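A.B. asks: Have a look at this one.
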Amino acid sequence: MKPRDRLRIAVQKSGRLSEVSQDLLARCGLKFRHSRDKLFCFGESLAIDLLLVRDDDIPGLIADGVCDLGIVGRNVLAEQQAALQSREAVVPFRELLPLGFGRCRLSIAIPQELDYAEPSSLQGLRIATTYPALTAQWLQQAGVTAKVVVLSGSVEIAPKLGTADAICDLVSSGATLQANQLREVAGILDSEAVLAAAPGLPPDERGELQELLLRRIEGVIQVRESKLVLLQTTRAALAGVTRLLPPGQQPTVTSIEGSADDVALQAVCHGAITWQHLEDMRRAGARHMLVLPVEKMLA
Ligand SMILES: Nc1ncnc2c1ncn2[C@@H]1O[C@H](COP(=O)(O)OP(=O)(O)OP(=O)(O)O)[C@@H](O)[C@H]1O
Ligand SMILES: O=P(O)(O)OC[C@H]1O[C@H](OP(=O)(O)OP(=O)(O)O)[C@H](O)[C@@H]1O
Ligand SMILES: [Mg+2]
C-alpha cells in the first residue's frame, strides 16, 4: 500500500451515524471539500481526510490500513472482534473513545407469550440475528446450546414467520419490539458510536494528527455534556444545595450586595441536569436557578 502522510477517517456514508459523525468532526474545526462521487472528502483545514462508507466496512478498512480511524457503533466493532476471536485470529482494531451518540443495546427478545426465567430458557431454540458472533459468544458463556440463524435485516419479524423462536437485535426505545409483540429478556451489549483505531499510533506525522484530533473530540464531548448552573441560596443551605449538583468544577460562591445571608453560586457541571435535580435543589433551599449550555471551554 502507498505510504500516506494524511490521516484518514472512515465514517458512515448514510444512516443513523452519518450526520452526527460529520457534525462532530466539524465541531473539531475540520473542514472538507467533497469529491464529485461524494465518497472521499479532502480535509482543507488539517491533513485529515474522510472516507464515506457502509458502517460494516469500517473495522476492515482500519485493519487493512486504508483508514487510520473510524466512527462506528460499538456493536459493529464488537461483532467483528468476536468473529475474529472465535477463529483465534488477531484483532487489528480497537475502541479509542466512546462518543456519546447512537446509544442502543444488543438484546435477546422473545415472543411475549413465551416464558423466560434465565438464559437456559433459550436452550434448543433458534435465535435470529445480524450479530451471530456476539450471540454465539453470549450463549457459550451462559452455557446454553441454541441455533443461531443469521439474517441480514428485518430480524424482528422472524418469530412471526416461524424462521426463529427468539431474536438478538438492537433495541433503543423498544418500539420495534413492541410492534412485533416481542419482549426483551437479556442484554448482551450496551452500544454507542465510538472512535475506532488500529492498535498502535501511526509512526509518522499522522500519529500527531491523531492525538490532536482525539484531544479536540474530548473537548467537544466535554463541552456538549457541560452546563453552567447559576442559582441563589442562603449560607445555611449552601452545603446541602452544592451536594445535589452533578459532578463538575468547584463552584464559585459570591455574596449578594445588601444581604448578609444570601449567596450566588456559579458552577460548571458535567452530565445532565434534570427537572428532578432542580426540584431537589429547590427543596434544599436554592432559588432563581438557571441552567445554560456551554459553548467553548478552556481551562
Ligand atoms: N434504534 C437505534 N437507536 C440508536 N442507535 C441505533 C439504533 N439502531 C442502530 N443504531 C446504531 O447506529 C448504527 C448505524 O445504524 P444504521 O441503521 O444506519 O446502520 P446500517 O443500516 O447497517 O447502515 P449501513 O448502510 O452503513 O450498513 C448501528 O450500528 C448502531 O450502532
Ligand atoms: O427500539 P427501537 O427504538 O424501535 O429501535 C430498534 C430498531 O432500530 C434499528 O433499526 P432501524 O430503524 O435502523 O432499521 P434497519 O434495521 O432497517 O436499519 C434496529 O435494527 C431495530 O430494528
Ligand atoms: Mg451496516
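A.B. asks: Test of understanding: what is the full-extension gain from Val150 to Leu292, defined as 0.36 nm times their sequence separation minus their Cα-Cα distance?
C.D. replies: Net length gain for the segment: 46.4 nm.
A.B. asks: Also, quick follow-up: Based solely on its DSSP helices, what 222 nm [θ] is calculated for the chain when runs of n ≥ 4 H residues each add -39,500 (n - 2.57) and the sum is averaged over all residues, nearest 500 deg cm²/dmol? Write down the numbers at each step before the final one.
C.D. replies: Numbers: 9 runs with 85 residues, N = 299.
The helix contribution divided over the chain gives -8000 deg cm²/dmol.
A.B. asks: Specify the angular offset, from 0 to 90 degrees and rounded to the nearest 10, of the alpha carbon long axis of helix 205-224 from the longest principal axis of the alpha carbons in the chain.
C.D. replies: Orientation of helix 205-224: about 60 degrees from the principal axis.
A.B. asks: Looking at His34, Ile110, Val291, which one has the Cα that reaches farthest to the positive end of the dipole of the chain (charges on Cβ: Lys, Arg +1; Asp, Glu -1)?
C.D. replies: So the residue furthest toward the plus end is His34.
A.B. asks: What is the local net charge at Ser255, summed over the other residues whose Cβ is closer than 9 Å to its Cβ (Lys, Arg +1; Asp, Glu -1)?
C.D. replies: Details: positive: Arg235; negative: Glu257, Asp262.
Taking every Cβ under 9 Å from that of Ser255, the sum is -1.
A.B. asks: Two decimals is fine: what's Rg over Rh for the chain, C-alpha atoms, Kirkwood radius as Rh?
C.D. replies: Values: Rg = 24.2 Å, Rh = 22.5 Å.
Rg/Rh for the chain comes to 1.08.
A.B. asks: Here is a follow-up. Say R0 is 30 Å: what FRET efficiency, to the nearest 0.05, do Leu46 and Val223 get from their beta-carbon distance? Don't jump to the answer; show the numbers that get you there.
C.D. replies: Numbers: r = 19 Å, r/R0 = 0.65.
Here the calculated transfer efficiency is 0.95.
A.B. asks: Hey, how many Å between the Cα centroid of segment 183-216 and the Cα centroid of segment 222-294?
C.D. replies: 34 Å
A.B. asks: Suppose every Lys and Arg Cβ carries +1 and every Asp and Glu Cβ carries -1, with no other charges. What dipole size does segment 226-293 come out with about its Cα centre, to the nearest 20 debye?
C.D. replies: Details: 6 positive and 5 negative charges, 32 e Å.
The calculation lands at about 160 debye.
A.B. asks: Between Arg103 and Leu39, take the C-beta separation as r, use R0 = 25 Å, and let me know the FRET efficiency to the nearest 0.05. Walk me through the intermediate numbers first.
C.D. replies: Numbers: r = 27 Å, r/R0 = 1.10.
E(calc), rounded to 0.05, equals 0.35.
A.B. asks: Then there is this: Distance in nm between label sites at Glu192 and Glu118, each 7 Å beyond Cα in the beta-carbon direction?
C.D. replies: Each label point lies 7 Å from its Cα, and together they span 3.2 nm.
A.B. asks: Let's test this: bin the Cα-Cα distances of segment 226-293 at 10 Å from zero up to the farthest pair and state each bin's percent.
C.D. replies: Here the calculated profile for segment 226-293 is 22, 60, 17, 1.
A.B. asks: Where does segment 104-191 land on Rg(C-alpha)/(2.2 N^0.38 Å)?
C.D. replies: Details: Rg = 11.4 Å, N = 88, 2.2 N^0.38 = 12.1 Å.
Normalised by 2.2 N^0.38 Å, the Cα Rg of segment 104-191 equals 0.95.
A.B. asks: Okay, moving on. Quote to one decimal, in nm, the extra length available between Leu244 and Asp262 on full extension: 0.36 nm per residue of separation minus the C-alpha distance between them. List each step's numbers first, then the result.
C.D. replies: On the way: separation 18, 0.36 × 18 = 6.48 nm, distance 1.81 nm.
Length gained, Leu244 through Asp262: 4.7 nm.
A.B. asks: Mind ordering 16-23, 290-297 by average Cβ neighbours within 10 Å, highest first? Walk me through the numbers before you get to the answer.
C.D. replies: Values: 16-23: 17.2, 290-297: 11.2.
Packing proxy ranking, top to bottom: 16-23, 290-297.
A.B. asks: For Val263, enumerate residues with amide H under 5 Å from its amide H, sequence gap 5+ or separate chain, H modeled in the peptide plane.
C.D. replies: Thr233, Thr234, Arg235
A.B. asks: Something else now. If you place +1 on the Cβ of every Lys and Arg, -1 on the Cβ of every Asp and Glu, and leave all else neutral, what size is the dipole of the chain about its Cα centre, to the nearest 20 Debye?
C.D. replies: Numbers: 32 positive and 35 negative charges, 92 e Å.
Taking the Cα centre of the chain as origin, the dipole is about 440 debye.
A.B. asks: Rank Ala82, Gly100, Thr145 by how far each Cα sits towards the positive end of the charge dipole of the chain (+1 on Lys, Arg Cβ; -1 on Asp, Glu Cβ) and give me just the farthest.
C.D. replies: Gly100
A.B. asks: Taking the highest mean first, how do the peptides 160-171, 85-96 order by number of other beta carbon atoms within 10 angstrom per residue?
C.D. replies: The peptides rank, most packed first, as 160-171, 85-96.
A.B. asks: Also, quick follow-up: So which residue, out of Ala260, Ala193, Ala82, gets the largest mean-square fluctuation from a GNM of the chain using Cα contacts under 10 Å as springs?
C.D. replies: Ala260
A.B. asks: Which one of Leu170, Tyr131, Leu209 has its Cα pushed farthest toward the positive end of the charge dipole of the chain, where Lys and Arg give +1 and Asp and Glu give -1 at the Cβ?
C.D. replies: So the residue we want is Leu209.
A.B. asks: Let's see if you can work this out: charge +1 on each Lys and Arg Cβ, -1 on each Asp and Glu Cβ, no other charges. What is the dipole magnitude of segment 104-191 about its Cα centre, in debye to the nearest 20? Intermediate values should be presented prior to the final figure.
C.D. replies: Working: 5 positive and 8 negative charges, 40 e Å.
Rounded to the nearest 20 debye, it is 180 debye.
A.B. asks: Subtract the Cα-Cα distance of Glu208 and Arg6 from 0.36 nm times their separation in residues, and report this length gain in nm to one decimal.
C.D. replies: Details: separation 202, 0.36 × 202 = 72.72 nm, distance 1.08 nm.
Between Glu208 and Arg6, full extension yields an extra 71.6 nm.
A.B. asks: Of the peptides 134-140, 195-201, how do they stack up when ordered by the mean number of other Cβ atoms within 10 Å, highest first? Walk me through the numbers on the way to the answer.
C.D. replies: Working: 134-140: 20.1, 195-201: 17.4.
Peptide ranking by packing, descending: 134-140, 195-201.
A.B. asks: Once you've got the GNM for the chain with C-alpha springs shorter than 10 Å, pick whichever of Ser191, Ser259, Ser173 has the biggest mean-square fluctuation.
C.D. replies: Most flexible of the set in this elastic network: Ser259.
A.B. asks: Enumerate the calculated ³J(HN,Hα) couplings along segment 106-113 in order (Karplus 6.51 cos²θ - 1.76 cosθ + 1.60, θ = phi - 60°), each rounded to whole Hz, writing x wherever the residue is Gly or Pro.
C.D. replies: Here the 3J(HN,Hα) series is 9, 9, 8, 9, 10, x, 3, 7 Hz.
A.B. asks: Further, regarding this structure: Which percentage, to the nearest 5, of the DSSP beta bridges contained in the chain is antiparallel?
C.D. replies: Restricted to the chain, the bridges split so that about 75 percent are antiparallel.
All of the numbers you see were taken from the coordinates with simple rules; none came from a lab. This one's a predicted model, so the numbers in the text were calculated from it and none came from an experiment. Reconstructed Cβ throughout: ideal geometry from the backbone, glycine too, with neighbour counts over all protein chains shown.
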